[in-house]
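Colleague: Structure incoming, see below.
The values are calculated or read from the model by the stated rules, or taken from the named source; none is laboratory data. Owing to the predicted nature of the structure, the values given are computational and were not obtained by experimental measurement. Because the Cβ atoms are built from the backbone with ideal geometry, glycine has one as well, and the counts that use them run over all protein chains shown. Please note that ligands, DNA and RNA were not included when accessible areas were found on the heavy atoms of the full protein model with its side chains. Shrake-Rupley method; radii C 1.70, N 1.55, O 1.52, S 1.80 Å.
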Amino acid sequence: YLISAFFHGQTQEKLLLLAGTMILFSAFNNALVPLQDTITLDYIAHHGGAYGYARMSGTFGYAFMALLAGAILRVLPNSVFAIYFVTLCVILAAAVRLPQARGYRKKGEKGSVFEVLRDKEVFLILLLVMVQYTTMAFGHTFCGPYMLSLGGNSALIGLANTVQALAE
């Protein structure tokens, strides 16, 4: 409600502010998955375990949360930001308890993004991931509104996201 009230009578300045805020948020939010993978792989390397099981637990967690959020949003459609805020607070509380990743550089040693990008295989993988991620983001962005336009509801969107996650 608060955000929709702020952008009532949308002006160009407010839309630019929204775009800037979304870019800043995405810059930090999109970094979470690679950081999760790095911490998980570091933990498994030093304590043993299977990455596949850890990855699938994330998939099942996402699937469960998609169903739960869909059910909540069906009853309380304006609670999407509250749900996301509470979820991020829970993640922050859990992250504080995570072990610190060791890292693989010596203290004071700096790395360069350009050095990594010079490796043709790494560059190709990153390019393919970008294409795949862009396609996936398009689906996540427009699938829900499209389902709503066909007469669906938030619970069905949550179910669709659950099926998508379990297909992984």
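Colleague: Which condition number does Gly108 fail, the rest of (1) on the phi > 0 side of the Ramachandran plot; (2) open to solvent by less than 50 Å² (accessible area, probe 1.4 Å) being met?
Modeller: The number of the failed condition is (2).
Colleague: For Phe64, indicate whether it is among the aromatic types (Phe, Trp, Tyr), more than 30 Å from Cys143 (Cα to Cα) and in a helix (DSSP H, G or I). It would help to see each step written out before you state the result.
Modeller: Details: among the aromatic types (Phe, Trp, Tyr): yes; more than 30 Å from Cys143 (Cα to Cα): no; in a helix (DSSP H, G or I): yes.
No: the conditions fail for Phe64.
Colleague: I've got another one for you. Only residues that are closer than 22 Å to Ser154 by Cα, open to solvent by 50 Å² or more (accessible area, probe 1.4 Å) and not aromatic (Phe, Trp, Tyr): list them for the stretch 33-70, please.
Modeller: Selection gives Met65, Leu67, Leu68.
Colleague: From (1) at pLDDT 85 or above; (2) surrounded by 12 or more Cβ atoms within 10 Å (Cβ to Cβ); (3) among the small types (Gly, Ala, Ser), pick out the condition that doesn't hold for Ala93.
Modeller: (2)
Colleague: Here is a list: Pro99, Pro77, Pro145. Which entry is more than 21 Å from Leu166 (Cα to Cα) and open to solvent by 80 Å² or more (accessible area, probe 1.4 Å)?
Modeller: Values: Pro99 fails: open to solvent by 80 Å² or more (accessible area, probe 1.4 Å); Pro145 fails: open to solvent by 80 Å² or more (accessible area, probe 1.4 Å).
The match here is Pro77.
Colleague: State whether the residues of the stretch 100-121 include one that is closer than 27 Å to Thr40 by Cβ, in contact with a Lys or Arg (Cβ under 7 Å, 6 or more places away or on another chain), free of Cβ contacts under 8 Å to residues at least 40 places away in the same chain and of a type outside the set (Phe, Trp, Tyr).
Modeller: Checked the stretch 100-121: at least one residue is closer than 27 Å to Thr40 by Cβ, in contact with a Lys or Arg (Cβ under 7 Å, 6 or more places away or on another chain), free of Cβ contacts under 8 Å to residues at least 40 places away in the same chain and of a type outside the set (Phe, Trp, Tyr).
Colleague: Identify, from the list Gly49, Gly108, the residue that is modelled with pLDDT of 85 or more, under 26 Å from Ile39 (Cα atoms), outside any helix (DSSP H, G or I) and more than 22 Å from the chain's Cα centre (by Cα). Explain how you work it out, then say what you get.
Modeller: On the way: Gly108 fails: modelled with pLDDT of 85 or more.
Step by step, each of Gly49, Gly108 is checked, and only Gly49 is modelled with pLDDT of 85 or more, under 26 Å from Ile39 (Cα atoms), outside any helix (DSSP H, G or I) and more than 22 Å from the chain's Cα centre (by Cα).
Colleague: Restricting to the stretch 20-32, count the residues that are among the aromatic types (Phe, Trp, Tyr) and open to solvent by less than 70 Å² (accessible area, probe 1.4 Å).
Modeller: So in the stretch 20-32, the residues among the aromatic types (Phe, Trp, Tyr) come out as 25, 28.
Then drop every residue that is not open to solvent by less than 70 Å² (accessible area, probe 1.4 Å), which leaves none.
Adding up the residues that qualify gives 0.
Colleague: Starting from residues that are open to solvent by 50 Å² or more (accessible area, probe 1.4 Å) and not aliphatic (A, V, I, L, M), keep the ones in the stretch 148-168 and report whichever is farthest from the chain's Cα centre (by Cα).
Modeller: As a first pass, look at the stretch 148-168 and keep what is open to solvent by 50 Å² or more (accessible area, probe 1.4 Å): 148-151, 156, 159, 163-164, 166-168.
Within this subset, residues satisfying the condition of being not aliphatic (A, V, I, L, M) are 149, 151, 164, 168.
Numbers: Ser149: 25, Gly151: 27, Gln164: 15, Glu168: 15 Å.
Here the residue is Gly151.
Colleague: So for the stretch 4-12 (the condition being modelled with pLDDT under 80, open to solvent by less than 60 Å² (accessible area, probe 1.4 Å) and in a helix (DSSP H, G or I)), does at least one residue qualify?
Modeller: Going residue by residue through the stretch 4-12, those that are modelled with pLDDT under 80 are 4-12.
So of that shortlist, the ones also open to solvent by less than 60 Å² (accessible area, probe 1.4 Å) come out as 5, 7, 9, 11.
Next cut, in a helix (DSSP H, G or I) only: 5.
Yes, the stretch 4-12 has at least one match.
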